[in-house]
Amino acid sequence: MSDSRTSGGAVTGGPAQAPDAAPYDALLLLSFGGPEGPDDVVPFLENVTRGRGIPKERLVEVGRHYFRFGGVSPINEQNRELLAALRAEFARHGLELPVHWGNRNWTPYLVDTLREMAQAGHRRILTLATSAYAGYSGCRQYRENLADALAQLRAEGVPEPRVDKLRHFYNHPGFVGPMVENTLIALAELPEEVRDTAHLVFTTHSVPTAMADSSGAPDDPARGRPGGAYVAQHLDVARLVAGAVAEATGIIGRHWELVYQSRSGSPHTPWLEPDVCDHLEALHQDGAPAAVLVPIGFVSDHMEVKYDLDTEAHAKAAELGLPMARAATVGTDPRFVAAVRELVLERAATERGARPERCAFGALGASHDVCPVDCCPNPRAPRPAAAQS
């Protein structure tokens, strides 16, 4: 894997010092949220789609994949596991930084968590959003939700903390490494006779093409390309994983493609394509012997992985008679959990005026720490966003 790093000339030798998170006094794990029972499904979807005028009966139809799993999304339990893993990792390394959890669309709600943190005396909060890439729905919308929550605290007279956000971690070794290993494990699950010629199908969430094109910072060269930073970043990760898999297996020239899933918008609005199920049909028609789905766009095996890949795409592959396996997401892989700790310490050192090492694989380098005002703009109307310049 190509490794792009910048080093701040770290001092070595001497007695070991406890890791220093100053000026930050807490970490906020910020996620999407999901229902935890049948009665939660429609209210959850109402939260997700608020302001779009979608009738309740349509939300019941949209929620069918949740009802199929008893109305429970796995994402909240996965966040509880990540929360516990982060706390254990910090404690193991002597990093005294409390970790809290809040969601955008379901309990524990972001504003309630921020209120509790502020009332507990936290004044400099660093945020880990469970989305690795640039884009409106994966970054700016989280920052808009943070701004909304801070405004509500201000209106309540609660002391308002300063909130920053960790940089995008899509190309951090602690994210890429587990995806390589998970892809190799999935390849090994295929029948031996098709293993060496199986296609790699990298998947991520589809978004409107206009939103993709405007993703990234204004001075990011990728923003000027079709697909902007969103597509460029995913392609960079796909190349890294495909290259590492080739090196590990000795199979050079294995076919791979970036495809999309989980489209949810108007059929009249152009979204990123091809859809994963359409791509599986095309692979079958072209005589591909097998496929491995690699969900590089997702941090955990939540509903859009369990339903859109493990249910719908699996059914499509079975219908076609196409052998298929699915790589796991990073979840609570120890390398990913350690990467979060490293990113926290990196950002803290930067805030103190140091120039720490910024680890990043691939061609794009480490992402910016602070988002410009017009980074990943809101496609509907400008709104205040936290954690920006």
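The values are calculated or read from the model by the stated rules, or taken from the named source; none is laboratory data. A quick note: this is a predicted structure, and the numbers were derived from the prediction, not measured. Cβ coordinates were reconstructed from backbone atoms using ideal geometry, including for glycine residues, and neighbour counts include every protein chain displayed.
Quick notes on this one:
- Among all positions in region 283-300, there is at least one residue which is modelled with pLDDT of 95 or more and in contact with a Lys or Arg (Cβ under 6 Å, 6 or more places away or on another chain).
- The residues listed here are E319, E304, E281; of these, the one that is acidic (D, E) and surrounded by fewer than 16 Cβ atoms within 10 Å (Cβ to Cβ) is E319.
- Within region 248-278, considering residues that are touching a residue at least 24 places away in the same chain (Cβ under 8 Å) and assigned to a helix (DSSP H, G or I), the one nearest to E181 (Cα to Cα): A248
- Among the residues making up region 122-164, those that are in a loop (DSSP other than H, G, I, E, B) and either closer than 13 Å to V111 by Cβ or not assigned by TED's automatic domain parsing to the domain that holds L82 (or both) are V158, E160, P161.
Residues are listed down the side, and each one gets a yes or a no for (1) closer than 27 Å to A22 by Cα; (2) at pLDDT below 95; (3) loosely packed, with under 13 Cβ neighbours inside 10 Å:
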{"residue": "D40", "(1), (2), (3)": "no, no, no"}
{"residue": "E46", "(1), (2), (3)": "no, yes, no"}
{"residue": "R50", "(1), (2), (3)": "no, yes, yes"}
{"residue": "V62", "(1), (2), (3)": "no, yes, no"}
{"residue": "G70", "(1), (2), (3)": "no, no, yes"}
{"residue": "E77", "(1), (2), (3)": "no, no, no"}
{"residue": "L86", "(1), (2), (3)": "yes, no, no"}
{"residue": "P98", "(1), (2), (3)": "yes, no, no"}
{"residue": "R104", "(1), (2), (3)": "yes, no, no"}
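- None of P23, P19 is touching a strand residue (DSSP E or B) at 6+ places or on another chain (Cβ under 8 Å) and not in a helix (DSSP H, G or I) except P23.
- In the set T203, T183, only one residue is at pLDDT 95 or above, of a type in the set (S, T, N, Q), in contact with a Phe, Trp or Tyr (Cβ under 8 Å, 6 or more places away or on another chain) and under 18 Å from V259 (Cβ atoms); that residue is T203.
- Residues (within 16 Å of G228 (Cα to Cα) and surrounded by fewer than 17 Cβ atoms within 10 Å (Cβ to Cβ)) located in region 355-377: A363, G365, H368, P372, D374
- For G287, the conditions (1) surrounded by fewer than 18 Cβ atoms within 10 Å (Cβ to Cβ); (2) assigned to a helix (DSSP H, G or I) all hold with the exception of (2).
- From the list R167, R223, the lone residue that is modelled with pLDDT of 95 or more, outside any strand (DSSP E or B) and of a type in the set (K, R) is R167.
- For the criterion of being assigned by TED's automatic domain parsing to the domain that holds L200, free of Cβ contacts under 8 Å to residues at least 12 places away in the same chain and surrounded by 18 or more Cβ atoms within 10 Å (Cβ to Cβ), R239 fails.
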